[in-house]
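Below: the structure, in structure tokens.
The values are calculated or read from the model by the stated rules, or taken from the named source; none is laboratory data. Worth saying up front: this structure is predicted, and the values here are computed from it rather than measured. A quick note on method: Cβ atoms are made from the backbone with ideal geometry, for glycine too, and the neighbour counts reach across all protein chains shown.
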Amino acid sequence: MNALFLALASLGAVVAIRLLRSTMDFISFHLLPGTHTVDRYQRPGNTAWALVTGASAGIGLGIAQELVRQGFGVILLGHLQDELDAAAAQLRAMRPPVPVAAAADRDDDDDDDDNDARVRTYLLDARTATPSDLARLAASLSGLDLTILVNNVGGNAVEHPPFRPAATYSCADVDAVVDQNARFMARLTTLLVPLLARGARPDAARSGRNRSLVLTLSSGGYVGVPYLVLYSATKAFNRGFGAALARELALDPATAHVDSLVVIPGEVASQGNCRGVPSSAPRWDVFGREVVQKAGLAAARGWKEMFPHWRHGLEYALMDVAPSAAVEKALVDQMRAKKGAWDDYLGKNK
């Protein structure tokens, strides 16, 4: 009996310590100012660049906005030129004007400090991009000090209605979701890791400065949700890819200064996610700002993934301890509500 009591007491102590540590991590990450910021990916003179895919609207645009505020040059990648142009104009308007004295002293052939030059666009459709297209993209970036890659492009690119059983998907629907969410991201990342690793100092891994970053957006849907089976599967792929990449990069001294971090959004109100969204969901611009502001801290802690928004982190932490039947019911009810909202909207707008 004494041995059993001791074993149970020890188990309880381990659980309590783990819960306390998780609670302290949550509080310090979401509520206290971090000592590590995205500055760890900047370069002297604010010469660093970030490539953001799916950047013309939604979370990608929100991330790009905050990167501009932090002094990064940004390349917005998307498949709609009008949206890209509008997003670029918005970001250029956010940048502080070049001082008159600095403009006068600058070499006329070097426009890298111009607002126009520090915000660029690249037109490419993730669903149809070929290896040759990606090679041309990588070549176009070779002259820049690229330090951040944001794998944000994604969605459920199927014929309407968007929320429906997997058995109703055509082969083209399956390919479109996989190409947009998984294949494009994996191909692009493997091409750009050497470029991200290129400009490091020998002491970058130890100093925590002069580093580079791969941010890969997954989704809370990685748990597997009905009516979005292919989307859920690709987001689980993104999550595994980013975590495995983080461990692999750390093993090689030539890439140990390149961080890989998975971002897991819950519900975020955006252009593409605008029906059946809870009123408590953060807006795309708020969430994008949180991603950038929290990335450096999460990477410095050695995390492989993060929930930038506190509510999402709390929701998924509770899912780990709540009864499985309650979690199952909540997931199914949420997806039924979203499916119903979209079906109603599409039915009224035929």
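Can we say residue 272 is on the phi > 0 side of the Ramachandran plot and not in a helix (DSSP H, G or I)?
On the way: on the phi > 0 side of the Ramachandran plot: no; not in a helix (DSSP H, G or I): yes.
No; evaluated as a whole, the condition is false for this residue.
Does any residue of the stretch 289-296 turn out to be outside any loop (DSSP other than H, G, I, E, B), in contact with a Lys or Arg (Cβ under 9 Å, 6 or more places away or on another chain) and farther than 18 Å from residue 60 by Cβ?
yes
Checking residue 93 against (1) of a type in the set (Gly, Ala, Ser); (2) assigned to a helix (DSSP H, G or I); (3) under 18 Å from residue 123 (Cα atoms): exactly one of these is not met. Which one?
(3)
Can you spot a residue in the stretch 117-129 that is small (Gly, Ala, Ser), out of contact with any His (no Cβ under 8 Å at 6 or more places or on another chain), in a loop (DSSP other than H, G, I, E, B) and at pLDDT 95 or above? Talk me through it step by step, then tell me what you get.
Our first condition is that a residue be small (Gly, Ala, Ser); within the stretch 117-129, this holds for 117, 126, 129.
Subsequent filtering for residues that are out of contact with any His (no Cβ under 8 Å at 6 or more places or on another chain) retains 117, 129.
Narrowing the set further to residues that are in a loop (DSSP other than H, G, I, E, B) leaves 117, 129.
Imposing the further condition that a residue be at pLDDT 95 or above reduces the set to 129.
Yes, the stretch 117-129 contains at least one residue that is small (Gly, Ala, Ser), out of contact with any His (no Cβ under 8 Å at 6 or more places or on another chain), in a loop (DSSP other than H, G, I, E, B) and at pLDDT 95 or above.
Would you tally the residues in the stretch 1-45 being under 28 Å from the mean Cα position of the chain (by Cα), in a helix (DSSP H, G or I) and either of a type in the set (Gly, Ala, Ser) or at pLDDT below 75 (or both)?
So the count comes out to 4.
So which residues in the stretch 141-176 are hydrophobic (A, V, I, L, M, F, W, C), touching a helix residue (DSSP H, G or I) at 6+ places or on another chain (Cβ under 6 Å) and assigned to a loop (DSSP other than H, G, I, E, B), if there are any at all?
157, 158, 163
Of all residues in the stretch 275-288, count the ones that are touching a helix residue (DSSP H, G or I) at 6+ places or on another chain (Cβ under 9 Å) and in a loop (DSSP other than H, G, I, E, B). Give the derivation first.
Step one: list which residues in the stretch 275-288 are touching a helix residue (DSSP H, G or I) at 6+ places or on another chain (Cβ under 9 Å), which gives 275-278, 280-288.
Now drop any that are not in a loop (DSSP other than H, G, I, E, B), which leaves 275-278, 280-282.
Number satisfying all stated conditions: 7.
Can you name the residue in the stretch 297-323 that is surrounded by 15 or more Cβ atoms within 10 Å (Cβ to Cβ) and not in a helix (DSSP H, G or I) and is also farthest from the chain's Cα centre (by Cα) among such residues?
The selected residue is 303.
List the pairs whose first member sits in the stretch 133-148 and is farther than 24 Å from residue 66 by Cα, whose second member is of a type in the set (D, E, K, R) and surrounded by 13 or more Cβ atoms within 10 Å (Cβ to Cβ), and whose Cβ atoms are under 6 Å apart, counting only residues at least 6 apart or on separate chains?
What qualifies is 134/187.
Any idea which residue in the stretch 275-296 is surrounded by the fewest Cβ atoms within 10 Å (Cβ to Cβ), counting only those that are within 30 Å of residue 349 (Cα to Cα) and in contact with a Leu (Cβ under 8 Å, 6 or more places away or on another chain)?
Ranking the candidates gives 285 first.
Please work out which residue is modelled with the lowest pLDDT, limiting yourself to the stretch 47-71 and to residues that are closer than 19 Å to residue 195 by Cβ and polar (S, T, N, Q).
The extreme case among them is 47.
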